[in-house]
Amino acid sequence: MNNGRIAFLLAAAAACAGCSRVDGVQLDGGVLADGGLISGQACKTDLQCGSGRYCNAGGICSVDCTAPKDCVYMLDNPASANTFECSACGRCINAGEKDESCVLVSDLACGSDSDCTEVYGDEYKCRGKNGACARVCEEDDDCRKMGRGFHCGSGDGLCYRMCTRDLDCVLHGWHLVCGLPAGLDGDTNTYLEDPVESECVPREGGVDWGANVDPEAPAAAYHGIWGMELNTAVRTFGLPLINQQDTVSNQYLLTKIMQDGNGIVFNMKWCTLELKNFKEDDGPFTDYAWIVVPDRYADHIFIQKLHSYNVPEMAPGASFLTDRLLELRGARLANPETDKLPNWDYLVGDWDQARDAKPGMTTSMTGAIAGEFYNAQRWTLIMTVNVVDKDHIQGLIQHTSLQNMLGASKPEYVYDTTSIMHPQADRSFFKAVRLPDTASCADVDKLHKKKGSWIYFNINDTPSRHYDPGARP
Amino acid sequence: MTHARNPASATCVRHAAAAVSLCVALALATAASANPFALLGYDVESGALANSNVSFGSSLGVLYTNPALLADVGNQAGIAVTFNLPRLDVKLQAKPQSSRIPTSIYDSSIGNMPGLQDRALPAAELLNPASDNEVRDVNAYLGVGMAYNFGVRRFQLGVLAQLPISSWNSAEVATHFNDEREANFSNKIYLMRFGQWERIAAVLAGAAYSPLPWLDVGVGAQVSLAAKVRLKLYIPDATVQDYSQSNVGSEIAGALRPVAGLRFRPLDWLAVGAAWRNESYVSMDGGGGLDLWNYHEPVPDKLVPKRTTQKYSMALDYEPMEISVGVGVKLREVTTQVAVMWQQWSQYLDHHAAHAQSYAEFPSSPFLPVLSDGAYDPTNGGAIDADEYRFNNTFNVQWSGQWRFKEWGEASLGACWYPTPAPAQLGRTNFADNDLLGITAGSRFDFNLLKLDWTLAVNLQVWQMFERTTYKDPAQVYDEFPDAARTLVANNPMSEAAGLQTNNPGYPGYEAGGILVATGFSLMHRF
């Protein structure tokens, strides 16, 4: 009897088990770790995965995060403070730890391919005789993992620093020039339909410090490569929905200060630009839409020069003014100072400076409103330079800006706006820190993101938003 | 002075009272439609018979199973209380971190890519983290019903209402998506057909007539509603989104789900019944207009305000068209019957009034492969066949046996099998469902109290939804952070976008299943 009951129960259980169902095929761990990619990129080292990814235990390039927020899932208590950071290789790491094994931090000299494969793996080979290790590539995208400005060489299938003019090489440092054929003007070449492409090579003799050098003059102390933060705050009127918006443009530059007799010349290479909206009272602010300035925009800003013709000795407290810089962007005018700047209803003088087949210079808006804007701009700059010490300078600036919209990706985004320098003058200032002669824009980029650095800026960090004449490194 | 009681007047009063009661019950149909009762029975006795009462039946639940059987239901009125206690789960499998959407999606070209309609939030900013769905809430309903023939021979009228009493709210409805969009809301997967019903009232009414001694016909209706809401909104400051000026217009209209049935009795001990029920759902159409301050159409030299309109349609508590055919045998104290019910699930509408298969394909995106006509390929290069996600029509079987062990008492047993209409959910969609087995039992007792005739009925049901495990096919799950996305700033490829990133709570898979116990009792006065 009992046996019968047990048999009945077992039969019932077996029947029920038979009714359960499995749909689909369970993916193995390695594939899952790669986001379910059927054929993920196989790897042995993080470096093979490139910037932003690491080689997981399953031998597939993977990524856990791009920002600390993505690591919240690792907290025992999601409501507690986030103690994690996201590494350059896409791992969630404890604050203070380093994880840069997926990127090359500097060129590695090599004599043969084996010098590179031993260190970096099969993804790298030696480029040129007695050259530097370079990543193997099939297309430009493969080289983006090495950093900005790298392209794939069609001949050797290795990444290199491509250029059509010297300006492209300054991105990698003032000690490099574009190895164009003799007699070919780089700026003319760049705007040809099919420009000659060449490679950035070290300039013979190093950085060009100019001819008018007098080591005894006070101006000699200023010369060098500087990482610069230039903040221009404006108030814009006539915007749709919100009517008025306060914005600061954080511009990061790799600046070469050259001596010119008793004066100096700021040779300014724009590396990146970031636009941040803010409230005048620095109160909490919800950013519904903001402008993103693409690298392409910065890459096509010409080297701009500011002069100071008689500078004091470089001692703390010393102060002087520069001359006035006038620059046009996205327009070419016979008289840059006075000719009418092109507008969406008047396109005379419009120039596709960014070479993206769109009018003027292109920026993107993202957030609640998303799209592209095409602008022309005329702006001016005068800097007051205050010496903090031999490696740090800063000062307030005066600037004006006339910016016209030439078009947008959606017609309803085309508005006539006007801008003025923000009435709070301490929001427009510059700071600069001396860097090694071979510093690049990548170094400036790292510095401005590093809390505590001289050129650190964070829109959510009130002190960094205002000029502080008493600031010390 | 005493008044002689007038029999004609008493009958008139009884008729009037019955008419008022029927009207009150119908008036309770403030909201109605599908609910647990299509499976668990509209009354206690139908529940005890596993809803197999298509050829024989004597309770008001036949209004749903076969209204022709009302002819066998004597004049009666009463109440019932029923409960169901689910223990059902949808458990999510662990999501690989690299399939989560990182915050850098904000820095990508997705933000201003023309033609891309849906943009995913980063996983870290979702309203709720993805979580299991544990269905544990006890549901209770109060049933009221009445059958009365108004003195007309071979005619019977009935009405039955079931009112949710689990909470004070007259209706509790929460819609959801069945794909990655639900991540923006509850971030759970819901049971499609069983165990998670909206708590809204249900009303059935019908009438039966017996034109011949061996033939009964009946018609009835489930009452449902159609609602339209129009919201007009003006936001004076687009940056202050918690302040607006609004007006609402609404319309509510009744809708009927027709039910028809017949019963043929070729022999005294044999009956064959059939019933048809049309599809049913509560339709809700909404829409509105939005005006913003200082926002204009791109018209030169003129001010033309830009007005935004939004529309949405909802379909709640969908029940498919059903055809039931049953045969029953009544031999002295024993009655047994079996019914087969066909359900047209292929026309299923989810909460957003769309067919299940319509979500299988990917939404329009410039990141998808391009077809020869220039349109984006929603099948992701042929990986998806939407027809495979169309719900299947089902044949369900219900059986019961009744034994009248005394003149005053009867016991019953029942069983039913409902195969799932939901095909394998390997892609975007997460319609969680599986085959259902129900085992039912019940008793009814007739007695006399206070010189009135009464019937007390009780039932107990145990339902099993068999466990179903789903493993997703990554090629059929919508990649919300496409591999081809590039950074806005540098136009660089984004390594974190490689592979599949999705907020879909069902990725990489989930398990669904569990049991439900239901019970109830009713007290009917026969007159």
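Would you mind stating whether B:Gly220 is in a loop (DSSP other than H, G, I, E, B) and touching a strand residue (DSSP E or B) at 6+ places or on another chain (Cβ under 8 Å)?
Spelling it out, it is not the case that B:Gly220 is in a loop (DSSP other than H, G, I, E, B) and touching a strand residue (DSSP E or B) at 6+ places or on another chain (Cβ under 8 Å).
Working only within segment B:353-373, note down all residues that are of a type in the set (S, T, N, Q) and outside any loop (DSSP other than H, G, I, E, B). Walk me through how you get there before you give the answer.
Going through segment B:353-373, the residues of a type in the set (S, T, N, Q) turn out to be B:357-358, B:364-365, B:372.
If the condition is that a residue be of a type in the set (S, T, N, Q) and outside any loop (DSSP other than H, G, I, E, B), then B:Gln357, B:Ser358 are the ones that fit.
Tell me yes or no: at least one residue of segment A:103-126 is away from chain B (no Cβ under 14 Å), within 24 Å of the chain's Cα centre (by Cα) and open to solvent by less than 60 Å² (accessible area, probe 1.4 Å).
Yes, because at least one residue in segment A:103-126 is away from chain B (no Cβ under 14 Å), within 24 Å of the chain's Cα centre (by Cα) and open to solvent by less than 60 Å² (accessible area, probe 1.4 Å).
Filter segment B:246-303 down to residues that are in a strand (DSSP E or B), in contact (Cβ under 8 Å) with a residue 40 or more places away in the chain and among the hydrophobic types (A, V, I, L, M, F, W, C), then give me how many there are. Steps first, answer last, please.
First pass over segment B:246-303, keeping only residues in a strand (DSSP E or B): B:246-267, B:270-277, B:280-296.
Those left that are additionally in contact (Cβ under 8 Å) with a residue 40 or more places away in the chain: B:254, B:257, B:259-266, B:270-277, B:280-293, B:295.
Within this subset, residues satisfying the condition of being among the hydrophobic types (A, V, I, L, M, F, W, C) are B:259-260, B:262, B:264, B:270-272, B:274-276, B:282, B:284, B:290, B:292-293.
Here the count works out to 15.
When you go through A:Lys340, A:Lys256 one by one, which is the residue that is free of Cβ contacts under 8 Å to residues at least 24 places away in the same chain and more than 14 Å from chain B (Cβ to nearest Cβ)?
Among A:Lys340, A:Lys256, only A:Lys340 is free of Cβ contacts under 8 Å to residues at least 24 places away in the same chain and more than 14 Å from chain B (Cβ to nearest Cβ).
Within segment B:467-486, is there a residue that is within 14 Å of chain A (Cβ to nearest Cβ) and within 25 Å of B:Ser52 (Cβ to Cβ)?
Checked against the condition, which is being within 14 Å of chain A (Cβ to nearest Cβ) and within 25 Å of B:Ser52 (Cβ to Cβ), segment B:467-486 yields no hits at all.
So which residues in segment B:225-265 are at pLDDT 85 or above, farther than 29 Å from B:Pro305 by Cβ and β-branched (Val, Ile, Thr), if there are any at all?
B:Val259
Consider segment A:161-198. How many of its residues are among the aromatic types (Phe, Trp, Tyr) and surrounded by fewer than 22 Cβ atoms within 10 Å (Cβ to Cβ)?
Counting residues in segment A:161-198 that are among the aromatic types (Phe, Trp, Tyr) and surrounded by fewer than 22 Cβ atoms within 10 Å (Cβ to Cβ) gives 1.
Take the conditions assigned to a loop (DSSP other than H, G, I, E, B), within 24 Å of the chain's Cα centre (by Cα) and at negative phi and apply them to A:His172. Does it pass?
Considered against the rule, which asks whether it is assigned to a loop (DSSP other than H, G, I, E, B), within 24 Å of the chain's Cα centre (by Cα) and at negative phi, A:His172 comes out as yes.
When you scan segment A:151-178, how many residues do you find that are under 13 Å from A:Asp299 (Cα atoms) and not acidic (Asp, Glu)?
9
How about segment B:493-523: which of its residues are under 14 Å from B:Lys95 (Cα atoms), more than 9 Å from chain A (Cβ to nearest Cβ) and of a type in the set (Gly, Ala, Ser)?
Once the filter is applied, which keeps residues that are under 14 Å from B:Lys95 (Cα atoms), more than 9 Å from chain A (Cβ to nearest Cβ) and of a type in the set (Gly, Ala, Ser), segment B:493-523 yields only B:Gly506.
Taking the condition of being open to solvent by less than 20 Å² (accessible area, probe 1.4 Å) and either among the polar types (S, T, N, Q) or within 11 Å of chain B (Cβ to nearest Cβ) (or both), how many residues in segment A:259-271 meet it?
The number of residues fulfilling the criteria is 2.
Would you confirm whether any residue within segment B:489-500 is at pLDDT 95 or above, open to solvent by 30 Å² or more (accessible area, probe 1.4 Å) and assigned to a loop (DSSP other than H, G, I, E, B)?
no
Enumerate the pairs (first residue in segment B:204-219 and open to solvent by 70 Å² or more (accessible area, probe 1.4 Å); second residue anywhere and in a loop (DSSP other than H, G, I, E, B)) with beta-carbon separation below 8 Å, excluding pairs fewer than 6 apart on the same chain, so at least 6 apart or on different chains.
If the second residue must be in a loop (DSSP other than H, G, I, E, B), the pairs left are B:Tyr209/B:Arg154.
Which residues, counting only those in segment B:424-435, are at the interface with chain A (Cβ under 10 Å from one of its Cβ atoms) and open to solvent by less than 30 Å² (accessible area, probe 1.4 Å)?
Listed by number, the residues that qualify are B:Gln425, B:Gly427, B:Asn434, B:Asp435.
Quickly run through segment B:374-423 and pick out the residues that are within 29 Å of B:Gln501 (Cβ to Cβ), in a loop (DSSP other than H, G, I, E, B) and away from chain A (no Cβ under 13 Å).
Across segment B:374-423, the qualifying residues are B:Gly374, B:Ala375, B:Asp377, B:Pro378, B:Thr379, B:Gly382, B:Ile384, B:Asp385, B:Arg390, B:Phe391.
Of B:Ser250, B:Ser283, which residue is more than 14 Å from every other protein chain (Cβ to nearest Cβ), over 16 Å from B:Asp72 (Cα atoms) and surrounded by 14 or more Cβ atoms within 10 Å (Cβ to Cβ)?
Going through B:Ser250, B:Ser283 in turn, just one is more than 14 Å from every other protein chain (Cβ to nearest Cβ), over 16 Å from B:Asp72 (Cα atoms) and surrounded by 14 or more Cβ atoms within 10 Å (Cβ to Cβ): B:Ser283.
Please specify each residue of segment B:114-138 satisfying the condition of being among the charged types (D, E, K, R) and either within 11 Å of chain A (Cβ to nearest Cβ) or assigned to a loop (DSSP other than H, G, I, E, B) (or both).
B:Asp118, B:Arg119, B:Glu125, B:Asp132, B:Arg136, B:Asp137
What is the number of the single condition among (1) open to solvent by less than 70 Å² (accessible area, probe 1.4 Å); (2) closer than 30 Å to B:Gln344 by Cβ that B:Phe264 does not meet?
Result: B:Phe264 fails condition (1) only.
As an exercise: evaluate A:Lys305 against (1) in a strand (DSSP E or B); (2) open to solvent by less than 100 Å² (accessible area, probe 1.4 Å); (3) within 27 Å of A:Trp351 (Cα to Cα) and give the number of the one condition it does not meet.
Every listed condition holds for A:Lys305 apart from (2).
Could you check segment A:221-248 and list, in sequence order, the residues that are modelled with pLDDT of 95 or more and among the small types (Gly, Ala, Ser)?
Passing the criteria: A:Ala221, A:Gly224, A:Gly227, A:Ala233.
Which of the numbered conditions does B:Asp446 fail, given that it passes all the others? Conditions: (1) open to solvent by 30 Å² or more (accessible area, probe 1.4 Å); (2) among the acidic types (Asp, Glu); (3) within 24 Å of B:Thr82 (Cβ to Cβ); (4) within 14 Å of chain A (Cβ to nearest Cβ).
With (1) open to solvent by 30 Å² or more (accessible area, probe 1.4 Å); (2) among the acidic types (Asp, Glu); (3) within 24 Å of B:Thr82 (Cβ to Cβ); (4) within 14 Å of chain A (Cβ to nearest Cβ) applied to B:Asp446, the lone miss is (4).
The values are calculated or read from the model by the stated rules, or taken from the named source; none is laboratory data. Since this is a predicted model, take the numbers as computed values, not measurements. Note that each Cβ is placed from the backbone with ideal geometry, even for glycine, and that neighbours are counted across all protein chains shown. Side chains are part of the model used for accessible areas, which takes the heavy atoms of the whole protein and leaves out ligands, DNA and RNA. Shrake-Rupley method; radii C 1.70, N 1.55, O 1.52, S 1.80 Å.
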